[in-house]
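Where a number appears in this text, it was derived from the coordinates with a stated rule and is not lab data. Computed from a predicted model, the values in this text were never measured in an experiment. Positions of Cβ are backbone-derived with ideal geometry, glycine not excepted, and every protein chain shown enters the neighbour counts.
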Amino acid sequence: MSMTPILTAVRAFDGILELAPGPGSEHPEISWGDHFFYYAPDGEVPRNRQPYATIVTKDYPDDEESRLGAPDRWRLNIHVGSAVFTELIGRAPEQADDAAVDYSAVDVFIPHPLYGAYGWVSIVNPDSATLDRAVEALRGAHEDDRRRVERRQERSTTD
């Protein structure tokens, strides 16, 4: 399946900022073709926090187990937090490395190969088995990011 259904869903979220580096951009070449998602209604790329979800289209150094170098492979990564991680993976994030995981498996939720212990899940080539739940998880991650931004804004106005 293409990433179009995921991109269409995320692009409909209120306050979404999608960073999609490409040739000629200020971003490193390794990031070209990937997508990074933030809650940022001001349209500015946040400098003080990470995206809440990403789509990567290639292997990165130290992150090659998903075999994204093969044709037509890509991976959706979502920061879902502890409760949703446990629901999707069947164990808590701090146990992410406790079991053998096939990080190249397609259309299944897996712990993120590097950040699973921090509440990140991944799906290589989401399709019929994971698409609806992935969009739900993306919506939840977006709302979590929105709440974090709003809390920071409230604190900065009361200081």
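Relative contact order of the chain: 21 percent, from C-alpha pairs under 8 Å at least 6 residues apart in sequence. Normalised by residue count, the chain yields a Cα convex hull volume of 126 Å³ per residue. Largest GNM mean-square fluctuation among 148, 47, 75, using the chain with Cα springs under 10 Å: 47. Remark: 158, 130, 8 ranked as 158, 8, 130, counting other beta-carbon atoms within 10 Å and listing the fewest first. Counting only DSSP H runs of at least 4 residues, each contributing -39500 (n - 2.57), and dividing by the residue count of the chain, the helix-based mean residue ellipticity at 222 nm comes to -9500 deg cm²/dmol. Can you give the FRET efficiency to the nearest 0.05 for residue 18 and residue 83, using r as the Cβ-Cβ distance and R₀ = 22 Å? About 0.25, to the nearest 0.05. Going from the residue with the fewest nearby Cβ atoms within 10 Å to the one with the most, 82, 66 rank 82, 66. As a calculated quantity, the FRET efficiency between residue 104 and residue 60 at R0 = 22 Å, using C-beta atoms, amounts to about 0.90. The order of 114, 76, 138, going from fewest to most other C-beta atoms within 10 Å of their C-beta, is 114, 138, 76. Of 37, 109, 13, the residue with the greatest mean-square motion in the GNM of the chain, using alpha carbon springs below 10 Å, is 13. When the Gaussian network model of the chain links Cα atoms closer than 10 Å, the mean-square fluctuations of 125, 77, 48 top out at 48.
Please report the antiparallel percentage of the DSSP beta bridges confined to the range 4-158, to the nearest 5. Percent antiparallel among DSSP bridges in the range 4-158 is about 95.
Note on residue 72/residue 26: beta-carbon distance plugged into 1/(1 + (r/R0)^6) with R0 of 41 Å gives a FRET efficiency of 0.90.
Using unit Cβ charges (K, R positive; D, E negative) and no other charged atoms, how large, in debye to the nearest 20, is the dipole of the chain about its Cα centre?
Its charge dipole is roughly 340 debye.
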